[in-house]
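Engineer: Take a look at the following structure, please.
Every number here is computed from the coordinates shown, using simple stated rules; none is lab data. This one's a predicted model, so the numbers in the text were calculated from it and none came from an experiment. Here the Cβ is made from the backbone with ideal geometry for all residues, glycine too, and neighbour counts use every protein chain on show.
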Amino acid sequence: MTIDVPDNQPPMPLSPNEGTTRRIAVHGIMILLSALSIFPIYWMIVTSLRPENEIFSTLPWPSNPSLENYVFVLTRIPMLQMLVNTTIVATATAALQVLTGLLTAYALVRWRMRLAGLVHGLIALSWLVPFQVTMIPNYVLASRLGLLDTLTGLVVPNAVAAFAILLLYHSMRSFPTEILEAARIDGAKSWRILWQIVTPNMGAPIASLAIIAFISAWNEYFWPLLLSRKPENSVVQIGLQMFMTQEGNLWGPLMAAAALASLPILVIYLILQRHVIESFMKSGIR
Amino acid sequence: MTDIQADLARPLALARSPATEREQNVFTVLPWLYLAPALILLMMWTYVPLVQAFQLSFYQWNMLPTAPQRYVGLTNYQRLLALPEMRAALWNTLFYILGLFPMSVVIPLFVAIWTQDLTGRARTVYRALIFVPMIVAPVVAAVLWRWLLNEDQGLVTLGLEQLGFGRIGFLTDPKYALATLTWITGWKLIGFSTLLFSAANAGINPSYIEAARIDGATRWGIIRDLRLPLLSPTILLLSMMTILFGAQWSFAYINVLTNGGPLKSTTNIFYLLWEYGFQTLSAGWSSAAGMIAFAGFAVIAAGCLWLMKRFAVYDN
């Protein structure tokens, strides 16, 4: 589902009296919703910067900011290793989803096959199969392939995503056919057309897809929960959960761990804010 | 819209130059080479496992590779359906979904309509802020709310105490735990849904509204007779998402925060699958419960798609 995001809806003409009250109410609602959305994250960062003896303070800022909580987390669990692992897993997942998405979408757009409908259906329906239903056979397969407790095992089952294929398929379908025809008449092979003509023109959808895939893979929790054994072979989400189970009431370090686990995503958001919002909105909820 | 695009795509597939005629034989194989990676992976990790789960649901097996799998027919299903635990989990699944509706559909819809004339810088700032929960990892969200709602020193608890309320065991009292988890699940969605509704609402052709106003329609009349019908595709889409995935979204919070307790009050069907599978190691039960859930949600999905075709109003 695609939703266009026009920016210039003309404001409703209002009578001056109604205007002021309404404007206050409108801003009031949005400020409330914004505060609700952002405050828990703000409080996480503030708590993570408080020294131990001030942890229960209700001051809205840390009076003696210190990094001791971060130091504690980094010495107690292999957080840096986990951050590296998560970066590898999320990058590889995003890259592979783009790759398999491009190949599949290209095949579906370029050739008319007898079984195209079936292929389409198989791809779209895979999105409806809840992971919890297939988890036992998946686990058995992963252990047979020796993928338990490896980073490869975290990536491979997520290397293809229905939404990635469908997103690229829809943008590829609107690619001007004359250009492809011209290339084909010039004798270009399908492989070259894909990489030299189609892909370079798909920058925007590929970027959207990569952003969503990276963020979802970074936040992924359930499959690593099944697959990982040792903390040093795992990802930050699992690290955070383990830390919570062990040191659940050390609020300062716990918030520092949560901040570390979300920092890369928040930084990406700060830099690419508009892009991230629009990518998510174009592709619906998942 | 779809039809136009299909027409554009056709010449690409039909028009054949002499060179491609010669390669006809290659062409029947070539597309499948492009499709192979995705299809092999989907088979390996989704469809074959789905069939295997279906088979497993008729067997008794404790998940040890060396232990035998014993065929038990429909016993797993009969036992499960008679189990109060299963019935409670199904009810809880329903409560999660119903509880999410206000936060994923109703409130965002009205906030979007109410705030539609916001423009400029303020709008950009609000957009940027209310989107943030969407990209916060579920485990992080769980940890944040565990701190805010903590029974001793949590900020919400202290606030309620200031207001003269007693302490509430948000995560430890069976009366509140499910509502708390639903709240956390909804917290991640509310801003994003608002943005989706705002975009759809801003996409409504302003001349319709203008025409209605000239005809003397009231503000509420315009909302009821124009905006809501024209927003119905988005309303139905978000409702479908909530129904189909709401219970899955809450899984991480259940597992991190309550483990299905207190007194099983937060166990939904997906958590039950996980418990049977990886806690009590009864693969047959887990698979049978999985099949029941899958069949149920498949029927609901088909129903939702039918509803969308039937009732959504599209502005052509």
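Engineer: Using a 10 angstrom cutoff on alpha carbons, build the Gaussian network for chain B and name the most mobile of B:GLY120, B:GLY277, B:GLY159.
Structural biologist: Checking each option, the largest mean-square fluctuation is seen for B:GLY120.
Engineer: Among B:ALA82, B:ALA289, B:ALA301, which one shows the biggest mean-square fluctuation in a GNM of chain B, springs joining Cα atoms closer than 10 Å?
Structural biologist: Maximum fluctuation in the GNM of chain B, among the listed residues, is at B:ALA82.
Engineer: Please compute the net charge surrounding B:GLY284, taking Lys and Arg as +1 and Asp and Glu as -1 over other residues with Cβ under 11 Å from its Cβ.
Structural biologist: Local net charge: +2.
Engineer: Sticking with this structure for a sec: Can you give the net charge of the other residues whose Cβ lies under 15 Å from the Cβ of A:LEU225, counting K and R as +1 and D and E as -1?
Structural biologist: So the environment of A:LEU225 carries a net charge of -1.
Engineer: Please find, in a Gaussian network model of chain B (springs between Cα atoms separated by less than 10 Å), the residue of B:PHE58, B:PHE278, B:PHE101 whose mean-square fluctuation is greatest.
Structural biologist: B:PHE278
Engineer: A follow-up question, please. For a quick check: sort A:GLU54, A:GLU232 by the number of other beta carbons within 10 angstrom, fewest at the front.
Structural biologist: A:GLU232, A:GLU54
Engineer: Can you give me the Cα centroid spacing of the stretch B:151-170 and the stretch B:74-113 in angstrom?
Structural biologist: 28 Å
Engineer: Please report the relative contact order for chain A, taking Cα pairs under 8 Å with a sequence separation of at least 6, and give it as a percent rounded to a whole number.
Structural biologist: Dividing the mean separation by the residue count of chain A yields 33 percent.
Engineer: Residues with beta-carbon under 13 Å from that of B:GLN60, excluding B:GLN60: net charge, scoring Lys, Arg +1 and Asp, Glu -1?
Structural biologist: +2
Engineer: In addition: In which sequence would A:SER171, A:SER190, A:SER48 go, from the one with the fewest C-beta neighbours within 10 Å to the one with the most?
Structural biologist: By the 10 Å Cβ count, ascending, the order reads A:SER171, A:SER190, A:SER48.
Engineer: Give me A:TRP191, B:TRP183, B:TRP285 ranked fewest to most by other Cβ atoms within 10 Å of their Cβ, as a rough exposure proxy.
Structural biologist: If I rank by nearby Cβ atoms, fewest first, I get A:TRP191, B:TRP183, B:TRP285.
Engineer: At 222 nm, what helix-only mean residue ellipticity would chain B give, in deg cm²/dmol to the nearest 500, using -39500 (n - 2.57) for each DSSP H run of four or more?
Structural biologist: -21000 deg cm²/dmol
Engineer: Give the separation of the Cα centroids, the stretch A:239-271 to the stretch A:123-173, in Å.
Structural biologist: 26 Å
Engineer: If a helix is a whole DSSP H run, which ones in chain B reach 20 Å or further along their own axis (Cα) and hold a mean Kyte-Doolittle hydropathy of at least 0.0?
Structural biologist: Qualifying helices: B:24-42, B:84-101, B:120-135, B:177-202, B:228-249, B:283-311.
Engineer: Amide H neighbours of B:TYR59 under 5 Å, at least 5 residues apart or on other chains, H built in the peptide plane: list them.
Structural biologist: Sorted by chain and number, the residues that satisfy this are B:VAL72.
Engineer: Before rounding to the nearest 500, sum -39500 (n - 2.57) across all DSSP H runs of length at least 4 in chain A and divide by the residue total; then give [θ] at 222 nm in deg cm²/dmol.
Structural biologist: -22500 deg cm²/dmol
Engineer: Within the stretch A:130-213, report the trypsin sites (Lys or Arg not before Pro) that DSSP leaves as loop and that have at most 14 other Cβ atoms within 10 Å.
Structural biologist: Those satisfying the criteria are A:LYS189.
Engineer: Separate question: Using only the alpha-carbon atoms, what does the stretch A:72-282 span along each of its principal axes? Please give whole angstrom values in decreasing order.
Structural biologist: Ordered largest first, the stretch A:72-282 gives principal extents of 67, 41, 26 Å.
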